[in-house]
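The structure under discussion is supplied below as structure tokens; questions concerning it will follow.
The values are calculated or read from the model by the stated rules, or taken from the named source; none is laboratory data. In this text, all values refer to a predicted model and were calculated from it rather than measured experimentally. When we count neighbours, we look across all protein chains shown, and the Cβ atoms used for this are built from the backbone with ideal geometry, even at glycine. These accessible areas exclude ligands, DNA and RNA; they are computed on the full protein's heavy atoms, side chains included. Shrake-Rupley method; radii C 1.70, N 1.55, O 1.52, S 1.80 Å.
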Amino acid sequence: MIRVIAATLALLLTSFSVSAQDTTGAIQQVLQEHSAAILKSSRMTIGPAIDAVADSGLEQAQAVLQAWSDKNMWVREADGLFFRATEAEGGYSLTDFDTGEVVGVFDKDALDQIKPNSGIRALIGTALVQFQLKDPDPLRRQEALTSISRAPDPALLKPLRNSIEMETDPTLRAQKLRQERLLTIGYDADSDARVQAMADMSGDLSVDVRAALNPLVATRRAVVQGDVPEGTNVARILTPGSDALPRVEAYDMLVAADLAQPRVTNAAMRAALEANIADGRVGGVSVQQLGSDAVRRAAYIALADAGTVPPFISEETVQETLDGFTFYDAYADPSRQITDAANDALNAIKLKVGLNQAADLTLDALSLASIYFLAAIGLAITFGVMGVINMAHGEFIMMGAYTGYVVQQIVPNHTLSIIVAIPLAFAVTFAAGVAMERLVIRWLYNRPLETLLATFGISIALQQLAKNIFGTQARPLTAPAWLDGALTLNDVVSISYIRIAIFFLALFFLAVFLFIMKRTRLGLETRAVTQNPRMAASMGINPGRVNMLTFGLGSGIAGVAGVAIGLFAKVTSEMGSDYIVQSFMTVVVGGVGNIWGTLAGATMIGFLQKGIEWGNPSNTLAAQTYMIIFIIIFIQFRPRGIIALKGRAAGD
Amino acid sequence: MSTLLEVSGVSVSFDGFRAINNLSFRIADAEMRAVIGPNGAGKTTFMDIVTGKTKPDEGRVLWGEKSVSLLKMSEAKIAQAGVGRKFQKPTVFEDQSVQENLLMALKKPRGWFPVLSYRPSEEDLAKVATLADDIGLGDALLRKSGELSHGQKQWLEIGILLAQEPRLLLVDEPAAGMTPEEREKTTDILVEAAKTRAVVVVEHDMEFVRRLNCKVTVLHEGSVLAEGSLDHVTSNQNVIDVYLGR
Amino acid sequence: MNRSFVARNPSVLIFLALLALFTLGVTVLSEGFGVGMISTSFVKTLGKTLCLCLVAVAMDLIWGFAGILSLGHFAFFGLGGYMIGMWLMYERTRLIVVDALAQGSMPPTPQEVVDGIGNQIFGVVGSSEFPLVWAFADSLVLQLALVVAVPGLLALVFGWLAFRSRVTGVYLSILTQAMTLALALYLFQNDSGLRGNNGLSGLQNLPNVTASQDVVSMWFFWGSALALGSGYLLAAWVVSGKFGSVIRGIRDNEARVRFLGYSVEAYKLALFTLTACIAGIAGALYYPQAGIINPAEIAPIASIYLAVWVAIGGRGRLYGAVIGAAVVSLLSTWFTGGQAPDIPLGFYTVKWVDWWLVLLGLSFVGVTLFAPQGIGGLVDLISDRLRPDRHGADLGPDQGSLREKEAHK
């Protein structure tokens, strides 16, 4: 009974499929034409099938390709028709591509899934792009453009061009035009068009332009006996022994191409001699005598003459062999016109990139300068104005940074915590500065070397104290999210927001400093006390109080600088000592006792360091070394700094 | 008498302030000269220029028979050429004995290598002892100079200068802070010194200058206002104006 | 004034006698030559301490006597160590390489030996080529000459630049610190040719010497004692005469010395270079006892510790420097070595490994404030060597000169 039903069902199915075949839609016909290729699913042979679907001009083509690529295209074993299948109760529900009607639910056994491999899916993807480029949804069009830029392909050129006409979105249109130029450079059949495209894009800084141009000028090194063959697009002829092609390398090329006998290396010679030792002798030489290269060579040549080992290649032989060959770099692209144009375009870009890199470097240097300025401005007060050497200045920076860290542990909101941390860091280091001034420095005025040592003792103690409290590992001080990221002007020039913030913070502190020194009572009294403490005292100024407050102010600013520095550098107990030498250098190079000098010093050191790093990018340690040497020499010529006080005020 | 030091047309300014303005000055061998002038007249700066501490913006400073320019020489070289200078404040090496102070100043090779192996001979010690007697410190030879009184330090500094055997002595306010007796002694020492060498004394105190009994140069605003005997310059109307105010 | 050198400086004789006694005592108690009451590692610690005392004497000469607070003398010390370390490492590696190659089937060529040594020494920094600075490493004599020449030359060049432009006081200190930092950073690089931060190691093994470390440590101990004795004698001789007068004059009043006709710069330069050479010798004796040298040893902090020792010991007197270096470095070893007993406070236990630096820093502040004469000042209580009381008089125009506070007894 069951068998009968099954047979009937089978019959029914067959007849249904036959009827279906009669009514096959246009796209199904296309698929059927290439049925064999589709079922075979080989990357090698699938091309025509995909093209046939894509070029069919049918509106369902995109859906078919999409289903195919998504592995949703199934074939019904009974009649070999293709459907879109979705999993349903009791098997798979099939949908006709042409009509979009659901044909019915079929058991999995009656169906076969078409499983295109990744290679085929890539091809389908390429074919799909032309549909996506004209998709009504701008997002899809954008995706298509992105996929083109990721995987440029000659086949995409035509659909891309075709889609420009209908593009209504101005942004997308511009992107399409640009992409079209890039594809033209790479793949257009017409050389003149390519050259034109290159000329259009030369001077464009984006990485993708260079990515499009670079393959055109890629070279391959080759060697040939006699002259370079006709029709080769030669980039340059190489002389063996030049920097571009050392002789050893040239000869190795010949060996690799089986054009010359391999050279016998010292190790190979030794191995060959070892292998041929007999009765304590080899090549007519006693083993005991083999302690020099000349003897070994003689023994080897003896062996080679006897035919035991490969012949010895002398330097003369190498030179003779090399003389017989021409070494050259050749462009992969045979057209001189194209490679020249590409080189021109690249050179134009290189120049522009260079200029922009200089701009980028300037920004970098400016931000480094503002960091140094920030680190040094507290010193400009305590050392520059008051003449107090505070070696614990770096530790005040550290204290400020740790204050920020502690605040972030309590206040989780990063923006709020920074807003709280800045005044708190100022308060903490102000208090520490005042305490230090009262307890230690007050007793040491006019004894700068003693001050240096005593404050160094404090620095050692504070550093160890921080280590005891916070441990040796680096603590994070996280910037608020709105300071993440960078301001990007183009593919070359960019600067992170945090550095911009630090730049403005430095400007702010410069303004604060100027305001306090020039416009407030404290500033006036500070200047009076530093210039003539006795006279100031006799005019009713309390020098002790003024010194205390000024020192506190300098220390407080160091604390705030610590918060700023902690945002981009690690907070460790040793961070202060990283800045102390540079900070003193900044003040000394700039000219003691003058805030503009400190600014000039920071700028000079910042630019200098970036400049040296640019000249020697691999080695920042060396950059610092050279910078310090430069500063030592600089002080030879301007012992009082860039902006020097002259005459009696300088306290000769 | 031949000219020992000739300063001509010298000017120097600090941050726009002209401390010395087209100053010319000359002094002969074995001459005593007093330089007076109100505060800020450029007296100390003038000494700074002659001793090489300050380089003038323009002008010439010529020295000795051969008219060597002092402008190219370092302080130490100028001192070795024979210019001795006494500071306004007594500056002696307080941590060292009077004897050590004087020995250091004795006219001997100044290079570090000969000095390293130098050990004082009997003759040197005798010379130092005589010198100490001259400046009234014969009993204090082995005392630390920091223990001396203010006036004694002034004398010791003059003694140090004399030990150098300079041809020109520049003395900045030697009588400041001295008792009248000490002043008298100081005058004697200077007058004695001027017999064999040129001495320039910068001084405020007119009484002291009068006792020196020598030619006087009045400086004002960085240039020479008047020159001549004390009576001559004090009767000069310009000088009266400057000193007494207009 | 014309008495003999020793009679004028009784402290020199006392010091040398004490040093000889100490050396004898250690020898008798050592494992190598005596009853073995002092372990070899402690003999090394003592030997190293003697070297530190020597560099402290050099520091005292330049700072205590001439008033130049150099924060670069430990760099010279380290350079001396590097110079001798290069020979020790080269020669020992050479012996090993030659031995290894002798096992082969045929005698090695000279090039094979050099390549082998290069591989052994520079493998850690990914190189096998000999840098130029190793050109003399195969010769003990030349390398010993470099122990003195390299620090001396560096000091000469740096000093010439710095003194010529009249950089004085704290500016000079900061400049020397910068020099030290630059040197340390340079040596930290792998391509400096001195094995970057790996430094030179295995220096305690003398090539061609089969004696045990017990014996070798005593050799170095004697060498260090001899060097300290001679260095002390030399320093005492230098400061006793007119040269000493001049440099103390420079410390107290540079301008006065200049107007006396002395070329202050030449004196400073001569002394700076001499002390750098002494520091180099001290380093060359120190590092073979320590066994390893790396750029961290040269970091500016080390030079500052040197100043700390001299200040605590009492500057301006040579025995003060020796006392300071010995006391502080030995205490430091004791505290940081974990031997010092912890102090339980109930709520917190003071571990000296963590707190020693805090104590050192604060005691340093204390010494600067309350006892500028340092430990050596205690000697004055016996010998009654009092400083002049200046009754508040101003002490000359220079920043580096003695001030009322320190002049006050």
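So which pairs qualify, if the first residue must be in region C:107-130 and at the interface with another protein chain (Cβ under 10 Å from one of its Cβ atoms) and of a type in the set (Val, Ile, Thr), the second must be in a loop (DSSP other than H, G, I, E, B) and open to solvent by 30 Å² or more (accessible area, probe 1.4 Å), the Cβ gap must be under 7 Å, and the two must be at least 6 apart or on different chains?
Short answer, once both residue conditions are applied: C:Thr109/A:Ser292.
Residue check, C:Gln143 against (1) among the polar types (S, T, N, Q); (2) more than 14 Å from every other protein chain (Cβ to nearest Cβ); (3) open to solvent by 50 Å² or more (accessible area, probe 1.4 Å), all met but one. Which one?
(3)
Per-residue answers, yes or no, for (1) within 14 Å of chain C (Cβ to nearest Cβ); (2) over 30 Å from A:Gln225 (Cβ atoms); (3) within 42 Å of the chain's Cα centre (by Cα):
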position	(1), (2), (3)
A:Met253	no, no, yes
A:Asp258	no, no, yes
A:Pro262	no, no, yes
A:Met269	yes, no, no
A:Ala294	yes, yes, no
A:Arg297	yes, no, no
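Additional query: Of the residues C:Glu91, C:Glu31, which is at pLDDT below 90 and either open to solvent by less than 10 Å² (accessible area, probe 1.4 Å) or among the acidic types (Asp, Glu) (or both)?
Answer to the selection: C:Glu31.
Quick test for you: out of C:Val57, C:Val98, pick the one residue that is in a helix (DSSP H, G or I) and under 19 Å from C:Gly244 (Cα atoms).
None of the other options fit; the residue is C:Val57.
While we're looking at this one, here's another question. Just a yes or no: is a residue in region A:171-185 modelled with pLDDT of 80 or more, over 28 Å from A:Gln132 (Cα atoms) and among the small types (Gly, Ala, Ser)?
Checked against the condition, which is being modelled with pLDDT of 80 or more, over 28 Å from A:Gln132 (Cα atoms) and among the small types (Gly, Ala, Ser), region A:171-185 yields no hits at all.
For (1) outside the structural domain of A:Ala528 (by TED's automatic domain parsing); (2) under 33 Å from the mean Cα position of the chain (by Cα); (3) surrounded by fewer than 24 Cβ atoms within 10 Å (Cβ to Cβ); (4) modelled with pLDDT of 85 or more, each residue gets a yes or a no:
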{"residue": "A:Met585", "(1), (2), (3), (4)": "no, yes, no, no"}
{"residue": "A:Leu599", "(1), (2), (3), (4)": "no, yes, no, yes"}
{"residue": "A:Ala602", "(1), (2), (3), (4)": "no, yes, no, yes"}
{"residue": "A:Phe607", "(1), (2), (3), (4)": "no, yes, yes, yes"}
{"residue": "A:Lys610", "(1), (2), (3), (4)": "no, yes, yes, yes"}
{"residue": "A:Glu613", "(1), (2), (3), (4)": "no, yes, yes, no"}
{"residue": "A:Ala623", "(1), (2), (3), (4)": "no, yes, yes, no"}
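A quick yes/no check of all residues on (1) within 14 Å of chain B (Cβ to nearest Cβ); (2) in contact with a Gly (Cβ under 8 Å, 6 or more places away or on another chain); (3) modelled with pLDDT of 90 or more:
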{"site": "C:Leu175", "(1), (2), (3)": "no, no, no"}
{"site": "C:Gln189", "(1), (2), (3)": "no, yes, no"}
{"site": "C:Leu194", "(1), (2), (3)": "no, no, no"}
{"site": "C:Thr210", "(1), (2), (3)": "no, no, no"}
{"site": "C:Met218", "(1), (2), (3)": "no, yes, yes"}
{"site": "C:Phe221", "(1), (2), (3)": "no, yes, yes"}
{"site": "C:Ser224", "(1), (2), (3)": "no, yes, yes"}
{"site": "C:Ser245", "(1), (2), (3)": "yes, no, yes"}
{"site": "C:Leu271", "(1), (2), (3)": "yes, no, yes"}
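Let me ask another. Does region B:152-163 contain at least one residue that is open to solvent by 60 Å² or more (accessible area, probe 1.4 Å) and over 27 Å from B:Val10 (Cβ atoms)?
no
Open to solvent by less than 60 Å² (accessible area, probe 1.4 Å) and more than 13 Å from the chain's Cα centre (by Cα): does that describe B:Leu169?
no
Working carefully through the options A:Gly457, A:Gly387, find the one that is in a helix (DSSP H, G or I) and not basic (Lys, Arg).
Residue meeting the stated conditions: A:Gly457.
Name every residue in region A:104-163 that is surrounded by fewer than 16 Cβ atoms within 10 Å (Cβ to Cβ), more than 24 Å from A:Arg76 (Cβ to Cβ) and of a type in the set (A, V, I, L, M), in order of residue number.
The answer is A:Ala122, A:Leu139, A:Ala151.
Consider region A:193-246. How many of its residues are without any contact (Cβ under 8 Å) to a residue 24 or more places away in the chain, aliphatic (A, V, I, L, M) and under 15 Å from A:Gln337 (Cβ atoms)?
Counting residues in region A:193-246 that are without any contact (Cβ under 8 Å) to a residue 24 or more places away in the chain, aliphatic (A, V, I, L, M) and under 15 Å from A:Gln337 (Cβ atoms) gives 2.
Follow-up question, since we're still on this one. Taking region A:334-362, which residues are of a type in the set (Gly, Ala, Ser), touching a residue at least 24 places away in the same chain (Cβ under 8 Å) and part of a helix (DSSP H, G or I)?
A:Ala341, A:Ala342, A:Ala345, A:Ala348, A:Ala359, listed by residue number.
While we're looking at this one, here's another question. Scan region C:348-359 and report the pairs whose first residue is more than 8 Å from every other protein chain (Cβ to nearest Cβ) and whose second residue is assigned to a strand (DSSP E or B) and open to solvent by 40 Å² or more (accessible area, probe 1.4 Å), with Cβ atoms within less than 9 Å and a gap of 6+ or a chain change.
C:Thr349/C:Ile343; C:Val350/C:Ile343; C:Val350/C:Pro344; C:Lys351/C:Ile343; C:Trp352/C:Ile343
Conditions: (1) assigned to a helix (DSSP H, G or I); (2) surrounded by fewer than 23 Cβ atoms within 10 Å (Cβ to Cβ). A:Met398 meets all but one. Number of the miss?
The single condition A:Met398 does not satisfy is (2).
Could you grab me the full set of residues in region B:75-99 that are of a type in the set (Gly, Ala, Ser) and crowded, with 24+ Cβ neighbours inside 10 Å?
Residues satisfying the conditions are B:Ala79, B:Gly84.
Which condition does A:Ala193 not pass, out of (1) within 26 Å of A:Pro138 (Cβ to Cβ); (2) surrounded by fewer than 18 Cβ atoms within 10 Å (Cβ to Cβ), if it passes all the others?
Every listed condition holds for A:Ala193 apart from (1).
Could you pull out every one of the strands (runs of 3 or more DSSP E) wholly within region A:21-100 that has 1 or more residues that are open to solvent by 20 Å² or more (accessible area, probe 1.4 Å) and among the acidic types (Asp, Glu)?
A:82-88
Still on this structure, I have one more. Being open to solvent by less than 80 Å² (accessible area, probe 1.4 Å) and modelled with pLDDT of 90 or more is the filter here; which residues of region C:5-21 pass it?
C:Phe15, C:Leu16, C:Ala17, C:Leu19, C:Ala20
Can you name the condition, by its number, that C:Thr336 falls short on among (1) open to solvent by 10 Å² or more (accessible area, probe 1.4 Å); (2) at pLDDT below 95; (3) more than 14 Å from every other protein chain (Cβ to nearest Cβ)?
C:Thr336 satisfies all of (1) open to solvent by 10 Å² or more (accessible area, probe 1.4 Å); (2) at pLDDT below 95; (3) more than 14 Å from every other protein chain (Cβ to nearest Cβ) except (3).
If you don't mind, there's one more thing I want to ask. Assess whether C:Ile343 counts as being more than 9 Å from every other protein chain (Cβ to nearest Cβ) and either over 26 Å from A:Ile460 (Cα atoms) or open to solvent by 20 Å² or more (accessible area, probe 1.4 Å) (or both).
Spelling it out, C:Ile343 is indeed more than 9 Å from every other protein chain (Cβ to nearest Cβ) and either over 26 Å from A:Ile460 (Cα atoms) or open to solvent by 20 Å² or more (accessible area, probe 1.4 Å) (or both).
Of C:Ala56, C:Ala75, which residue is farther than 30 Å from A:Ala268 by Cβ, within 14 Å of chain A (Cβ to nearest Cβ) and of a type in the set (A, V, I, L, M)?
Selected residue: C:Ala75, the only one of C:Ala56, C:Ala75 that is farther than 30 Å from A:Ala268 by Cβ, within 14 Å of chain A (Cβ to nearest Cβ) and of a type in the set (A, V, I, L, M).
Let me ask you something else. Restricting to region C:271-299, give me the number of residues that are in a helix (DSSP H, G or I) and open to solvent by 20 Å² or more (accessible area, probe 1.4 Å).
Here the count works out to 9.
Right, next: Looking at A:Arg181, is it assigned to a loop (DSSP other than H, G, I, E, B), charged (D, E, K, R) and either outside the structural domain of A:Tyr300 (by TED's automatic domain parsing) or within 30 Å of A:Gly307 (Cα to Cα) (or both)?
No: the conditions fail for A:Arg181.
So A:Val287 passes all but one of these: (1) away from chain C (no Cβ under 14 Å); (2) of a type in the set (Val, Ile, Thr); (3) within 18 Å of C:Glu112 (Cβ to Cβ). Which condition number does it fail?
Among (1) away from chain C (no Cβ under 14 Å); (2) of a type in the set (Val, Ile, Thr); (3) within 18 Å of C:Glu112 (Cβ to Cβ), the lone unmet condition for A:Val287 is (1).
Scan region A:101-117 residue by residue and report those that are over 17 Å from A:Ala49 (Cβ atoms) and either within 33 Å of the chain's Cα centre (by Cα) or assigned to a loop (DSSP other than H, G, I, E, B) (or both).
Within region A:101-117, A:Glu101, A:Asp107 qualify.
Tell me which residues, restricted to region B:13-47, are part of a helix (DSSP H, G or I), closer than 19 Å to B:Val209 by Cβ and among the β-branched types (Val, Ile, Thr).
Listed by number, the list holds a single entry, B:Thr44.
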